[in-house]
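A short write-up of the structure that comes next.
The values are calculated or read from the model by the stated rules, or taken from the named source; none is laboratory data. Not measured: the values here are computed from a predicted model. Counting neighbours? That spans all protein chains shown, and the Cβs are built from the backbone with ideal geometry, glycine included. Each accessible area value is taken on the protein alone, full model and side chains, heavy atoms only, with ligands, DNA and RNA left out. Shrake-Rupley method; radii C 1.70, N 1.55, O 1.52, S 1.80 Å.
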Amino acid sequence: MSPSEPDPSPRRRDLLEAAYAYALRGGLAGLSLRPLAEAIGSSPRVLLYLFGSKDGLIRALLARARADELAALRRIMGARKSPEEPGGLRPVALELWRWLSDDAHRGLLTLWVESYARSLTDPDGPWGGFARATVEDWLTLLAAAQPAEVRDSEAARAERTLVLAVLRGALLDLLATGDTARVTAAAHSQLAPEEQ
């Protein structure tokens, strides 16, 4: 929702939350309004009225998922502000990996991967721009973990791009295989802070 849009109705918010829970369980591939409406106690006509179209509903679900992910990432980043903890990008990356590899987040992350892929193959559809926006979100958050005096350097941009690539690649592997121990060991070998 943009700042200029009116606050959505309580019914729209409730149905969006119910549809989001549904999407977390089963993804968005082949989403059909009739089964979704039945599962969440609505009707296709009400969903179309409240979201404008099926694409409008998908866009609202993607925005909801993105907000959920960003809120979790910001909590992780904010928790690292303690003076006793070592600073820098690599310790934050390890915290992010802990969150990404937690079974409790599988639904959200599977939905994220599906939406990321769909935005690459259907750039004119409701997923359009999702992949690019999430890359920019992550790079912005990772930049905040780097010292301000080096944040804008080429080396710092390359480091956070590498960290993002490792996290994203490890996540894809983990979702495909479920082999948490192997993938975590690989992620740690790449993300552990360098010895001084």
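Could you tell me how many degrees, from 0 to 90 and to the nearest 10, lie between the Cα long axis of helix 180-191 and the main elongation axis, the longest principal axis, of the Cα atoms of the chain?
For helix 180-191, the angle is close to 50 degrees.
Where does each of 114-122, 17-25 land if you order them by average Cβ count within 10 Å, highest first?
Top of the packing list down: 17-25, 114-122.
As a test of reading the structure, rank Asp124, Asp55 by solvent-accessible area (1.4 Å probe, protein chains only), most first.
Asp124, Asp55
Can you give the Rg to Rh ratio of the chain, both from alpha-carbon atoms, with Rh computed by the Kirkwood formula?
With Rg and the Kirkwood Rh in hand, the quotient comes to 1.02.
Using every pair of alpha-carbon atoms in region 68-165, split the distances into 10 Å bins beginning at 0 and state the percent of pairs per bin, rounded to integers.
14, 43, 32, 10, 1
Rolling a 1.4 angstrom probe over the protein heavy atoms, how many square angstrom per residue are accessible across region 100-146?
For region 100-146, the per-residue accessible area is 44 Å².
By how many nm would the segment from Ala186 to Leu162 grow when fully extended, if each residue of separation counts as 0.36 nm and the alpha-carbon distance is taken off?
Difference between extended and current length: 7.2 nm.
Carbon and sulfur together cover what percent of the accessible area of the chain at a 1.4 Å probe radius?
It is 55 percent, rounded to a whole number.
Rounded to the nearest 500 deg cm²/dmol, what is the calculated helix-only ellipticity per residue at 222 nm for the chain, with -39500 (n - 2.57) per DSSP H run of length n ≥ 4?
-23000 deg cm²/dmol
Quick one: 3J(HN,Hα) in Hz for region 88-95, Karplus 6.51/-1.76/1.60 with θ = phi - 60°, rounded, Gly and Pro as x.
x, 6, 5, x, 5, 4, 5, 5
Per residue of region 159-165, in order, report the coupling 6.51 cos²θ - 1.76 cosθ + 1.60 (Karplus, θ = phi - 60°) as ³J(HN,Hα) in whole Hz, putting x for Gly and Pro.
Ordered by residue, 3J(HN,Hα) equals 5, 6, 5, 5, 4, 4, 4 Hz.
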